[in-house]
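Engineer: Here's a structure for you.
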Amino acid sequence: MKKNTIVMLGGFIIAGAIVFLLMAATPGSSGVELTLKDLLASQEQHKDDFVTVEGLLIEDSIKWNADKIELKFDVKDNEGNVMHVVHNGVRPDNFSEGVITILQGAPTGKNTFVAETVKTRCPSKYEGEDMKNYDPEKHKDKLNKKPSSEE
């Protein structure tokens, strides 16, 4: 074999190995993102899929077992659909009523989801007001005021 052929063949093998490793290392990228309502309606269809779903945490439903490192809780959507969640892992820091939970895992049974990861987003109370109601005149003094170190 010629030297150029061996180098090209080696390059293709290395490139193929890199692509394979990237695909194997990112199972979430091949998953399905569904709304809570859609997931509850098609649980059986997605039981073998890696699913991402989000819902509002129902604080009264939280059951934390520190010995087993097991977290059980319920989430709901704006239409009142409820799903039970089981997570074998640590409890997120800001786990309280009104927190939006982002779950990744798989549905296992009737309205039950086993989450591999549980992430939270800040509740809407931390979001800013709608910009269409913003009055710049109200904040003009604050915008034009110099910091106390410059006075």
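Engineer: Name the residue farthest towards the positive end of the dipole of the range 32-124 from the options 66, 41, 95, assuming +1 on Cβ of Lys and Arg, -1 on Cβ of Asp and Glu, about the Cα centre.
Structural biologist: The one lying farthest along the dipole's positive direction is 66.
Engineer: Oh, and also: Magnitude of the Cβ-charge dipole of the range 21-102, K/R +1 and D/E -1, about the Cα centre, nearest 20 debye? If you can, show how the numbers build up before the last one.
Structural biologist: Details: 7 positive and 15 negative charges, 45 e Å.
About 220 debye.
Engineer: Modelled label-to-label distance, residue 102 and residue 76, 7 Å Cα→beta-carbon offset: nm?
Structural biologist: Result for the modelled spin labels: 2.4 nm.
Engineer: Listing 69, 58 from the residue with the fewest other Cβ atoms within 10 Å to the one with the most, what is the order? Mind showing how you got there, number by number?
Structural biologist: Values: 69 12, 58 17.
Ascending Cβ contact count within 10 Å gives the list 69, 58.
Here, each number is a calculation from the coordinates, and none is a lab measurement. Values in this document were obtained by computation on a predicted structure and should not be read as measured data. All Cβ positions, even for glycine, are placed from backbone atoms using ideal geometry, and neighbour counts span all protein chains on display.
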